[in-house]
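Q: I'd like to ask some things about the structure below.
Every number in this text was worked out from the coordinates using simple rules, so none of it is lab data. All values reported here derive from a predicted model rather than from experimental measurement.
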Amino acid sequence: MKCVYCGKEYSEGGTTINVSNGTFDVCSNECKKLVRDYLNRDMQYKNRSYIMIFCGSIGFILSTFFFSGKYKLVPMYLGMIIMGLALIIYPYIFSSFITFTRYPIKKATAAVRIIGAAVIVASLVFLVLTFMGV
């Protein structure tokens, strides 16, 4: 069996956790607690994540329809920074718990945060290049 939280393969000593769409294996009571904590944070903060991503997308709309000239893309870059922050602060993007049977919660959360950081870094580089006139 494979733990839904840490991804560790185990043959004995594990337990299960029941969630809204099924029962999943965890390797220990510690991982079971971490899954519960993750689910609680997910329920509490997922809407904030979506709101931040929506606010970030407004930067794309502003760049497309309302700005022109040298600084046309600045609102888009700022929106990308907001989206990246949303991914780092609230990495609760999966709508189905089934996803974690392939990619454990711990690894998926780390990957989402890394993607958020990469989006922020790329946006900052583009902003600097824009203001340097490159």
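Q: Round to the nearest 10 and give me the degree value, 0 to 90, for the angle of helix 29-65's Cα axis relative to the longest principal axis of the chain.
A: 20 degrees
Q: Let me ask another. Run the helix sum for the chain: -39,500 (n - 2.57) per DSSP H stretch of 4+ residues, divided by residue count, reported at 222 nm to the nearest 500 deg cm²/dmol.
A: Helix-only estimate at 222 nm: -21500 deg cm²/dmol.
Q: To continue, here is another question. If you fit an axis through the alpha-carbon atoms of helix 105-132 and take the longest principal axis of the Cα set of the chain, what angle between them do you get, 0 to 90°, nearest 10?
A: Roughly 10 degrees, rounded to the nearest 10.
Q: Report, to two decimal places, the Cα Rg of segment 46-132 normalised by 2.2 N^0.38 Å (N = number of residues).
A: Cα Rg divided by the expected 2.2 N^0.38 Å: 1.23.
Q: Still on this structure, I have one more. Between the helical axis of 74-89 and the dominant principal axis of the chain, each derived from Cα atoms, what acute angle in degrees is found, rounded to the nearest 10?
A: 20 degrees
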